[in-house]
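Since every read-out is calculated from the coordinates, none of them should be taken as a lab result. As the structure is a computational prediction, the values presented were derived from the model and not from experiment. Heads up, the Cβs are rebuilt from the backbone with ideal geometry, glycines too, and the neighbour counts pull from every protein chain shown.
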Amino acid sequence: MGHDAPPRWDRRMQQRLTRGEAAALGELYDRFASLVHSLAYRVLDDEDTADRITREVFGYIWEHPGTYDPKQGSLRSWVAGLTRHHAVQRLRQTEAASARDCGDEAPEPAEIEQRIREASTAARADYIVTSMPAPLRAALELAYFQRRDYRQTAADLGVTEDEARRRLRLGLQLLSTAHNHQALPPTHRTTYTSSTVRATPAAPRAPQSSHAPRVPRAPHTHHTGPGSSAPPGPGHGRTR
């Protein structure tokens, strides 16, 4: 997709993170913090929680750089998927706590899961739109946000009507894949009831830290990330 870094950069970044280079974490943060924060916010609709998810994601990357496999796709795509996973897990926790507090007035479990799926799909769609090649994104924005028909879209873009239709068709095909990515399953299968919320172990997953990893702050004078998020605060290296 349009914003992916070259594969060589992805591999080199993973190697540097594996060696424990804090400066690499800073570079990664400067490149992807806005993406992580915006996806987390799209799922959670809360600025402070999106900030926390941003720190968690970069903390996880610092602790587990080897979980990224360049053969499976770009680093950007992996970071986006990781963000969506963390955000959906946090949304499930929030919804479970809300259901417990509501007692008999709690929404049905199916309704809660539907909200989670919708939030996850919306975040995935946002990622697809911002990542698709600029010509396709421009065509979609004109047609669906500015309500141009394909003739007006062609005129605005300075392309033929056939080309405008082709770009719209390809853009919609990419966007439709957002509905094919279900919300990632929780680490624990959560049962929502009117009086209690139970968690039963799910199938084994890749090992994760049970605490927020300590991540050295990379030496840079500013960052482009949103809000108050920054590379998770100074620490003493990875947990081995």
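Less than 11 Å Cβ to Cβ from L140, Lys/Arg counted +1 and Asp/Glu -1: what total charge do the surrounding residues give? In short, +3. Based on the Cβ-Cβ distance of Q173 and Y144, what FRET efficiency does E = 1/(1 + (r/R0)^6) give at R0 = 22 Å, to the nearest 0.05? The computed FRET efficiency comes out at 0.95.
Size check on region 112-181: the Cα extents along the three principal axes, sorted descending, read 44, 19, 15 Å. The 3J(HN,Hα) values that the Karplus relation (6.51, -1.76, 1.60; θ = phi - 60°) gives for region 147-158 are, in residue order, 6, 7, 7, 5, 5, 5, 4, 4, 5, 5, 8, x Hz. Gly and Pro appear as x.
Other residues whose C-beta falls under 14 angstrom from the C-beta of E163 contribute a net charge of +2, scoring Lys and Arg +1 and Asp and Glu -1. Whole-Hz Karplus values for region 42-50 come out as 4, 7, 9, 6, 8, 5, 5, 5, 5 Hz, taken residue by residue from phi with 6.51 cos²θ - 1.76 cosθ + 1.60 and θ = phi - 60°; glycine and proline positions read x. Taking label points 7 Å from Cα along the Cα-to-Cβ direction, D46 and A155 give a separation of 4.8 nm.
Its Cα gyration tensor gives region 40-152 an equivalent ellipsoid; the semi-axes, largest first and in whole Å, are 29, 24, 11.
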